[in-house]
Every structure is written in C-alpha cells, then in structure tokens.
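Written below as structure tokens is the structure these notes are about.
The values are calculated or read from the model by the stated rules, or taken from the named source; none is laboratory data. Model, not experiment: these values are computed from the prediction. Cβ: placed from backbone, ideal geometry, glycine included. Neighbour counts: every protein chain shown.
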Amino acid sequence: MDSHPLGIGIIGAGQIIKRHALAYRSLPDLARLVAVAEIDPKRAEEAKKRYRFQRTYTNYADLLACKDIDAVSICTPAASHAAIVIDAIRAGKHVLCEKPMATTLADADRIIAAAQDHPKSAVSCVFQLRNDPTHQRMRWMIEQGYIGKVLFAKVCVRLRKSRGYYQSAPGRGSYKSDGGGVVINQAIHQIDALLSLLGEPVAVSAVMDTFVHPIEAEDTLVGWIRFAGGAIATVECSTCAKRKEFSIDIVGEHAGMRVSGDPDSQRFDWRVDVAGSAAKRALRSAGLRRFPDPRDPKPWTVVAEKLLAAITRRDRLPPSDRGHAPLIREFLESARAGQPGPIPPQEARRSLELTMALYESARTQRVVDLPLDPCCGLYDGVDGESKTASKKEVQSVAS
C-alpha cells in the first residue's frame, strides 16, 4: 500500500467544489490538492487561489493526462457526470462522483461497465449521509433487530428554492441538464439513505407537479414505496415549502426512530420512540455506544479558526469527522488499498433507479414494479415530451 498522499484533481468549480476541496485539505496524510479543471478560466483561478491548487485547466482531459494526479472528484453538472467519469476511469484514475451518478439509467450502466473493465480504479458516488453517525446508528439498530420488524417509513424533504437559484446556472431544473427536479437533485440523498435502511424496493406509485418555480421539471412529488421485506414508505418532497425539513422516520414493531437535520449545517439529530423511559434510555445508550456523535471543538478553537480564516481570506477547514470528509477518507483509503470505492456504481445506481421509477409512475399514473426493465420509457432519461405525454395518457386511461 502506498503511504504517500494521493494527488487530487477536481473537475468543476461550482458551488459543490467547496465541500470536496476542504474535505481533502482536512485529510493531509491521505490527499494533496494538485489541479482544478473548469471551463470558466476566471472561476478556475478563483478556485486555485481559494483552495490552494497548484494548477488550473480549462479542459478536463488535460487534467486527466497528469501523472501526478491519482484521484479525481467530479463536481460538474449532473448531465456531464457519465462522460467525465468514464473518461477518468479509462485514464486510470480513482473517481469520486457527486450525486447523482448520472441522469439516465443507460449512462449509469455505462459507468458500471467501465468500472468493471478497470477494476484497479476505486469508483464511488457521493452519498455522505451513509457516513453520518445518526444514519449509521439507525441502520445498525435495524440490522440488530432492536426495533423489531420495520413496518413503515417516511421521508420528508421540504425546502424553499428561490427564482435566483434556478437562474444562477444554465439548465437548472431541466431534464436535459439536471435529469429532473426536486427528487433527483435534493431528495436523492434521503432516498439513498432509505434504501440503505430498508433494502430492495419492489413497487412504487407517485404524483408530481410543478407548482411555483419557472422550471421544466417537478418542484413537488409525493409517493409511496413497497419494499421486499414488507415495509411501506412514503416520500414527500418539495422546493415550494416555507420551512426547511430533511427527515426520515422509521416505525418498527417494538420501537421507532427519527433522524432529522439540515444537510447544509452537516448536523443531524437522532430520536428514539418507545414506550417506557427505561427502554428509551437503553436503546439510546446502545446506539450511541456503537456510533457516538462527533465531538464539538472547543469554543476558543472555533473563534481562533474563524479569525485565521478571515485574515487569510480562506475557508475554515471543516472537522474531518463531518460532512463529506468521512466519505472522502473512506474513498481515499479504498484507493490506496486497491479496493472498490465505498459506494460503487452498482450501489449508487439503486437510488437513480428508484428516482426513475417514481418519475415513471407519476408520468403514467400507474404503479411501477422494480427492478425497471431496460425497455422502460425512462431508461434513457426524462424529457419534456414524456412529462407532457403523461396528461394525455391519463386522459386516455380515464376514457
């Protein structure tokens, strides 16, 4: 195993680069930032200065040709993920791709094939909630049978996006660029977490609409999911809400659990619901012993770090046990050990398939069975025509 820090390149210098660049910098024993590729030269230079890259490129192919870059993070718009990921794999790089891994199942399968053809490359997708201790605690307690058989779950993703958000980048809220709306862009993290908790989905039903925002894709979707183990989950997500809420509720035979919080602040709360204070204390203690909460830094340390960041005009490094950092650590350790990435393409595909199944059900107004057939209408993605066609199909079925 190579003990030297891996050379890191980041492709794309939009908003999400901050999470990746600072996470890599918080892990100096494992990684060193080498270069950033961004088609906008000005934004590339700003990223270089802000995050201390050595070089910039306007063509990501030039970055992939660098021998001192061992691994890359893909932080570009979703529709470009597949082509860049495949090029990076073929260039012999370890690859970490932001969510979603692709905007179509066809592209996801092409990524999977490329990864299988190059097994020495660690390839992973970013679903950082899997490394959050509150979510790990829920998964472990379900696996250990502490709450009994899971009966019901609820995913809630509510937030308010402004008109400026959708106008800040070309193609936001479009099928061509983003692959869809609130589900594939905002709720897919909670959908992935739900899959990691409850297993294989077998059927879904959903309705969706665009109520408020001037976008092509949905700003609201509500649906249900049946899992192979018998549990039923509901999903409700919207970017039209007046308040922000990201939560997952699990109801078991003997007890329930809830995790909620704000992904932007990278903090989540975990709650146990069970009859009897002694039982509640016992369950909480068991979960916290197995997956303790990260320790908050001392107040004076935070003040000093913020002051230093203000003086140097650079971002304060995040704790290495929060946000993207734990997943990136696992990714880097996998790459150094020659092992598959923590969330390989086959696993990342599951949340994309469930998203497409929800879209297919909303489009056709029918219950959709899983797994999806490659011949299904949305295997190659959603488009404006398919959304418009749904109303015609519903009228046809009704008549």
- line: Checking Ala23, Ala35, Ala47 in turn, the sole residue that is of a type in the set (Gly, Ala, Ser) and either assigned to a loop (DSSP other than H, G, I, E, B) or in contact with a His (Cβ under 9 Å, 6 or more places away or on another chain) (or both) turns out to be Ala23
- prompt: Are there any pairs, at least 6 apart or on different chains, whose C-beta atoms fall under 7 Å, with the first in segment 154-169 and under 30 Å from Ser196 (Cα atoms) and the second of a type in the set (Asp, Glu), and if so, which?
  reply: Lys154/Asp249; Cys156/Glu236; Cys156/Glu245; Arg158/Glu245
task: Considering each residue of segment 120-138, count those that are farther than 18 Å from Arg289 by Cβ and surrounded by 24 or more Cβ atoms within 10 Å (Cβ to Cβ), and give that number.
output: 6
query: Any residue in segment 253-271 that is surrounded by fewer than 18 Cβ atoms within 10 Å (Cβ to Cβ), at pLDDT 95 or above, in a loop (DSSP other than H, G, I, E, B) and over 19 Å from the mean Cα position of the chain (by Cα)?
result: yes
query: Can we say Gly164 is farther than 26 Å from Arg243 by Cβ and either more than 17 Å from the chain's Cα centre (by Cα) or crowded, with 19+ Cβ neighbours inside 10 Å (or both)?
result: no
- line: Just one listed residue, out of Met141, Met101, is touching a Cys at 6+ places or on another chain (Cβ under 7 Å) and either under 20 Å from Ala61 (Cβ atoms) or crowded, with 19+ Cβ neighbours inside 10 Å (or both), and it is Met101
Lone unmet requirement of (1) closer than 20 Å to Leu221 by Cβ; (2) assigned to a loop (DSSP other than H, G, I, E, B); (3) among the aliphatic types (A, V, I, L, M) for Ile343: (1)
message: Being among the polar types (S, T, N, Q) and assigned to a strand (DSSP E or B) is the filter here; which residues of segment 1-20 pass it?
response: none
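Restrict the check to segment 72-79 and report whether at least one residue is in contact (Cβ under 8 Å) with a residue 24 or more places away in the chain and either surrounded by fewer than 16 Cβ atoms within 10 Å (Cβ to Cβ) or over 19 Å from the mean Cα position of the chain (by Cα) (or both).
Among the residues of segment 72-79, not one is in contact (Cβ under 8 Å) with a residue 24 or more places away in the chain and either surrounded by fewer than 16 Cβ atoms within 10 Å (Cβ to Cβ) or over 19 Å from the mean Cα position of the chain (by Cα) (or both), which makes the answer no.
Conditions tested, residue by residue: (1) over 16 Å from Arg349 (Cβ atoms); (2) assigned to a loop (DSSP other than H, G, I, E, B).
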{"site": "Ala102", "(1), (2)": "no, yes"}
{"site": "Ile111", "(1), (2)": "no, no"}
{"site": "Lys120", "(1), (2)": "yes, yes"}
{"site": "Arg130", "(1), (2)": "no, no"}
{"site": "Tyr146", "(1), (2)": "yes, yes"}
{"site": "Tyr165", "(1), (2)": "yes, no"}
{"site": "Pro170", "(1), (2)": "yes, yes"}
{"site": "Gly173", "(1), (2)": "yes, yes"}
Ala113 being free of Cβ contacts under 8 Å to residues at least 40 places away in the same chain and over 30 Å from Trp270 (Cα atoms): yes
